[in-house]
Each structure stands twice: as C-alpha cells, then as structure tokens.
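Asks: Shown below is the structure under consideration.
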Amino acid sequence: MKKSKLHILPILLLVLAMAGCDSNNNSKAQDMETPEAQLCACFTEDDIVKELNNMGLVSCLVSSLGFEFLDDENETLFGVQCDSNASNCSCSNMSDSQMLQELQADICLMVMFTSILKFEGVETVGCVFSPVE
C-alpha cells in the first residue's frame, strides 16, 4: 500500500503542475523561472535526466532523510541529504555541494523522484535503503 502511494505522488504532482500552467501566451508567467530552478540550488530534472539517461544502470541510496543517485563506484552523482534532526540539509550535483533550507531540500527531493519518470534506456533503477543512525 505504501509503495503504491509513492508511485502515485509524482504523477499527481505532474497533473497539478499541468493544471496550473498559464495558457496565455502574452503573459509574463512564461518568462519566469520554474519553481525547481528557484528552489533547488543544485540541479533540475533536465540535469538529472541528461546525465543519467542511457547509462544502462542507475543505482540509488535512500535514507529516511535523503536520496542519492550513485555511479558504479558509489560516488554521489546527485543527492539530497539532511542530518538526523531534519535540518542542515545539502544537495550534490556531481562533485559540487551546497547547503539548503528545508523547503529547498523538499523541492530537490521531488525533482529527483519525478526525474525517474523521464529516464529512457535505463535497464535498472536499484535502490538500497540505509536507515539514519
């Protein structure tokens, strides 16, 4: 039951985002940055998809307070992590890392989860759960 809800969440967010789209071509809303560009300091969905598409294998590490995409050497390609108090969050884009506010961390997590739906040519998305100590 919990797994099925997790799969529905990105789809629901996509539908809500589409419902809120501005259809007026003369509006300045089209010129505004997307929310993830404003709030996720490290990456967008396009960054993740461009880098991870056609890799053949993408692995990920999930904890109660973070999510990471890993390469073959288990180096973090993209990630969001917070400490055990759900604060002091950071994001990673390849080797670059930045500190985040909690809202930004939430947005970055959603960017990562929704980007999974856009992967093409990826044979496996294998995730390992790692509880926070």
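Coordinate-derived values only; no laboratory data. Here the structure is a predicted model, which means the values were calculated and not measured. Glycine gets a Cβ as well: all are built from the backbone with ideal geometry, and neighbour counts include every protein chain shown.
Asks: Contour minus end-to-end for Lys118 and Leu103, with contour as 0.36 nm per residue of separation and end-to-end as the Cα-Cα distance?
Replies: This chain segment gains 3.1 nm when fully extended.
Asks: Same structure again: On a full-extension model of 0.36 nm per residue, what is the gain between Asn53 and Cys127, subtracting their alpha-carbon distance, rounded to one decimal in nm?
Replies: Between Asn53 and Cys127, full extension yields 25.0 nm more.
Asks: Going by how many other Cβ atoms sit within 10 Å of their own, how do Met99, Met110 line up, fewest first?
Replies: Fewest-to-most Cβ neighbours within 10 Å comes out as Met99, Met110.
Asks: Moving on. Given 0.36 nm per residue, what is the gain on full extension from Asp46 to Val62 after removing their alpha carbon distance, in nm?
Replies: That pair, Asp46 and Val62, stretches by 3.7 nm at full extension.
Asks: With charges only on Cβ, +1 for K and R and -1 for D and E, what is the dipole size of region 38-133 about its Cα centre, in debye, rounded to 20?
Replies: Taking the Cα centre of region 38-133 as origin, the dipole is about 240 debye.
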